[in-house]
Each structure stands twice: as structure tokens, then as C-alpha cells.
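> Please read through the structure below; I'll follow up with questions.
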Amino acid sequence: MTEAGIVLVLIASVAAIVNGALGHGFSSITVPVALLFYTNRVLNPALVLVEVCINTYVLLMSRASLGAVWKRLVPIVLGLIPGIVLGALLLSTVNPEWLKLFVYTSLLPLILLQAAGVRRPVRLRPSVGAPFGTGLGILYSLTTISGPPLALLFNNQGLVKQEFRAALGMIRVAESTLTALAYYHLGLFAAPSLRLLPWIVPVVAVGVPLGTVLIRRLDAEVFRRICMSFDAWIVGFGLSKVLVSVGLVVGPGAYLVLAVVVVVDTALLTTFFSGRRLARSFSMAGVREGVPAGERSS
């Protein structure tokens, strides 16, 4: 196995565990690392086929909650169609290095917004869902990544945990299936992409169920936040590298991007853990004073 193959197996294993635990995250963790070794045109077709299976599994595990959310998701699904067609066409024509630049610059602000805990209530009307779906379709078919924007949207809908997973599952089954069809019609399932599948499929088959089990023993919010920090640092590194490769920045100055990402994310991570410690302290103080939980929350 080549160095690139070893890295792909390792990062796909981690990403599969994250996806099993959170219901999303496979591509958003795999792609930033794998793009250091492969182009999107080679990587995307293999990942899309894997994601059809992963997303179907997540949806089946959350199917009991699908009835509560599916009507709100129809405009997004309809919006996906033109976006995926346009994105797949661009994938087959755009310069690979400029496409990597698009991936990293699209991902970075979305990851940092999630890390900052941004909450802006957005009512999911058709006038919002359809254009959101089109933008999501373009992003997914170009990158196979949609977790960060979907998480930002659904975190602001007041969904309980299983509804959140069901909503993610439905959208991601639709986008991965439609993208696979678009890639097939454009002839993108070539031998270099298909050769990656024997390395990815076994680790995903083990990692996704393992993540589902592990999250029962871990604090889901802490686990999610640590995953985002890892993602932010990798994307910052990838963006610094591609700025050099496309000639936009020359020399070590490009790595100022990575330095800024590390500083910003470290500050956000410190704020996150400080807030949790403070909340725990208040909760324990209330327990010692014998204050009922309902009165403490008010």
C-alpha cells in the first residue's frame, strides 16, 4: 500500500466512527485530509458510493422520527436536483487545484461558525429550503461534503436528537444518490476512483457501527467539538498548501492562514470548555443548596 493509501485508510476509519456517532462527518473529515494526496475527480466518485450506504444506514436507524420532519425537507430535496447537476458538470471541467481551493475556503467558515456555537432561528419555509438545497447540491457534488451547512441549519430548527439524525439521513441519502447518478451519466466512475473502494469499504463497515456504540459512553457535545477542531486545523493546513500551489501566495506566508485558524479555534475551544465548567459549577451549587432543578433553570 502507498503512503496515500495508508493515510486514506486511517482517516476513513476515524471519519466512519465520527459518522456513526453523530450521524454525519464522514466526508467533512475524510476529504480535507485525502485532498492532500488525491484530486476531487478521483476521490469524489469513490466517496459518493460509500456515502450512499452510510447515509442509508443512518436513515434506517432513525426512521421512527422521519414522519415528524420529512414534509419540511421536501423543498430542500427538490432544490438539490439543479445544484447537483451544475456541480457535477463543474467537477468534470474545473482545474483540480482551484477546486481544492473552493473546497477549503467553503469549509473553513462553516466549521468555525459551528465551533462558535452560532444559533440563529431560521424557519424552514419553501422560500428558504429550495435555494438552500440548490447551494447544498452544488457544494456536495463538487466536494461530497454537506455536514457543516446541514448541521448549522438543523441546529436552529429545535429538533430533538433522533429528529436531527433523521433529517440529516433523509437529505444525505437524497444528495448522495442523486450525485451518484449524475457522476454515472458523466462517466466519472473511472478505474482510479473505483480502486479506492477496497481500502475504504471495510473500515467503514466496522467504523460506523463502532461509532454508534461509542457515543453512548461519551459526551456527544464534547466529542463533536473536538472533531470540529481537528477538521478546522486540517482545513487550515490544506488551504495554506493550496494557496501556494495555485500561486496566490508565495513562500511561508501562506501558513499564516493555518496560524490564524489555530489561534481562533483554540480561543473558541477554550470558551466552550470554560462555559461547560461554569454551567457544571452552577448545577452542583444548586444541588448542594437543595434548589429544585426546575427553579434553577428559571
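> Go ahead and set up a Gaussian network model of the chain, Cα springs under 10 Å, then flag whichever of Tyr38, Tyr104, Tyr184 fluctuates most.
In this elastic network of the chain, the residue with the biggest mean-square fluctuation among Tyr38, Tyr104, Tyr184 is Tyr184.
> Using the Karplus curve 6.51 cos²θ - 1.76 cosθ + 1.60 with θ = phi - 60°, what ³J(HN,Hα) values do you get for each residue of region 28-43, in whole Hz, with x for Gly and Pro?
With coefficients 6.51, -1.76 and 1.60, one gets 5, 9, 5, 4, x, 6, 5, 5, 5, 10, 10, 8, 4, 5, 8, 6 Hz.
> Starting from the Cα-Cα distance between Arg216 and Leu89, subtract it from 0.36 nm times their residue separation and give me the gain in nm to one decimal.
Working: separation 127, 0.36 × 127 = 45.72 nm, distance 4.11 nm.
Here the answer is 41.6 nm.
> Lys71: which lysines have alpha carbons under 21 Å from its alpha carbon, excluding same-chain residues fewer than 8 sequence positions away?
Counting by Cα, and skipping residues close in sequence, Lys71 has these lysines nearby: Lys161.
> With the cut-off at 1.5 for a/c, could you classify region 113-251 from its C-alpha gyration tensor as rounded, prolate or oblate? Before the final figure, lay out each step's value.
On the way: a/c = 1.23, a/b = 1.20, b/c = 1.02.
Verdict is rounded for region 113-251.
> To continue, here is another question. If the only charges are +1 at each Lys and Arg Cβ and -1 at each Asp and Glu Cβ, what is the size of the charge dipole of region 1-160 around the Cα centre, to the nearest 20 debye?
Here region 1-160 has a charge dipole of around 680 debye.
> I've got another one for you. Accessible area per residue, 1.4 Å probe, Å², for the chain: what's the number? Kindly include the intermediate steps, with their values, before the conclusion.
Values: 13890 Å² over 298 residues.
Dividing the accessible area of the chain by its residue count gives 47 Å².
> Which order do Leu60, Leu139 take by accessible area at a 1.4 Å probe, largest first? Walk me through the intermediate numbers first.
Working: Leu60 95, Leu139 25 Å².
So, going from the largest accessible area down, we get Leu60, Leu139.
> Under 18 Å Cα-Cα from Lys241, which lysines qualify once same-chain neighbours fewer than 8 residues away are excluded?
Lys100
> What number, in percent, do you get for the relative contact order of the chain if the mean sequence gap of Cα pairs under 8 Å and at least 6 apart is divided by its residue count?
On the way: 383 pairs, mean separation 91.7, N = 298.
After rounding, I find 31 percent.
> Sort the following peptides by mean Cβ neighbour count (other Cβ atoms within 10 Å, averaged over residues), highest first: 22-29, 45-52. Present the calculation step by step, with values, prior to reporting the outcome.
Numbers: 22-29: 26.4, 45-52: 24.0.
Result, highest mean Cβ count within 10 Å first: 22-29, 45-52.
> Can you bin region 1-63 into rounded, prolate or oblate? Criterion: square roots of the alpha carbon gyration tensor eigenvalues sorted a ≥ b ≥ c, rounded for a/c under 1.5, prolate for a/b above b/c, oblate for the rest.
Numbers: a/c = 2.51, a/b = 1.82, b/c = 1.38.
It is prolate, given that a/c is not under 1.5 and a/b is the larger ratio.
> For the chain, what is the charge dipole size about the Cα centre, in debye to the nearest 20, if Lys and Arg each add +1 at the Cβ and Asp and Glu each add -1 at the Cβ? Mind dumping the intermediate values first?
Values: 23 positive and 11 negative charges, 150 e Å.
I would put it at about 720 debye.
> Using +1 at the Cβ of each Lys and Arg and -1 at the Cβ of each Asp and Glu in the chain, identify which of Leu43, Ala4, Ser176 lies farthest towards the dipole's positive end.
Farthest towards the positive end: Ser176.
> Kindly identify region 45-147 as rounded, prolate or oblate by the Cα gyration tensor criterion: order the square roots of the eigenvalues as a ≥ b ≥ c, call it rounded if a/c is under 1.5, otherwise compare a/b with b/c, prolate if a/b is larger, else oblate.
On the way: a/c = 1.56, a/b = 1.33, b/c = 1.17.
Verdict is prolate for region 45-147.
> Separate question: Each label point is 7 Å from the Cα along the Cα-to-Cβ direction; what then is the distance between the points at Val263 and Lys161, in nm?
So the label points at Val263 and Lys161 sit 3.8 nm apart.
> In whole Hz and in residue order, list the ³J(HN,Hα) couplings for region 240-245 that follow from phi through the Karplus curve 6.51 cos²θ - 1.76 cosθ + 1.60, θ = phi - 60°; x for Gly and Pro.
4, 5, 6, 4, 6, 5
> Can you compute 3J(HN,Hα) from phi for each residue in region 142-151, using the Karplus curve 6.51 cos²θ - 1.76 cosθ + 1.60 with θ = phi - 60°, rounded to whole Hz and x for Gly and Pro?
7, 10, 6, 10, 8, x, x, x, 5, 5
> State the percentage of accessible surface on the chain attributable to carbon and sulfur atoms; use a 1.4 Å probe and exclude ligands, DNA and RNA. Can you show the working numbers first?
Values: 9840 of 13890 Å².
Answer for the chain: carbon and sulfur cover 71 percent of the accessible area.
> For the Cα atoms of the chain, what angle does the longest principal axis make with the long axis of helix 3-22, in degrees from 0 to 90, nearest 10?
Approximately 40 degrees, to the nearest ten.
> Dipole of region 139-285, Cα-centred, from +1 at each Lys and Arg C-beta and -1 at each Asp and Glu C-beta, to the nearest 20 debye? Mind dumping the intermediate values first?
Values: 12 positive and 6 negative charges, 81 e Å.
The dipole of region 139-285 has a size of about 400 debye.
> Mean residue ellipticity at 222 nm from the helices of the chain, using -39,500 (n - 2.57) per DSSP H segment of n ≥ 4 over the full residue count, to the nearest 500 deg cm²/dmol? Show your work: numbers first, answer last.
On the way: 13 runs with 230 residues, N = 298.
Using -39500 (n - 2.57) per qualifying helix, the result is -26000 deg cm²/dmol.
> Ranked from highest to lowest mean number of other Cβ atoms within 10 Å per residue, what is the order of the peptides 68-76, 212-220?
Values: 68-76: 17.3, 212-220: 12.4.
Averaged packing, sorted descending, gives the order 68-76, 212-220.
The values are calculated or read from the model by the stated rules, or taken from the named source; none is laboratory data. Everything numeric in this text was worked out from a predicted model, so none of it was measured. Every residue, glycine among them, receives a Cβ derived from its backbone with ideal geometry; neighbour counts consider all protein chains shown. All accessible areas refer to the heavy atoms of the entire protein, side chains included, with ligands and DNA or RNA removed. Shrake-Rupley method; radii C 1.70, N 1.55, O 1.52, S 1.80 Å.
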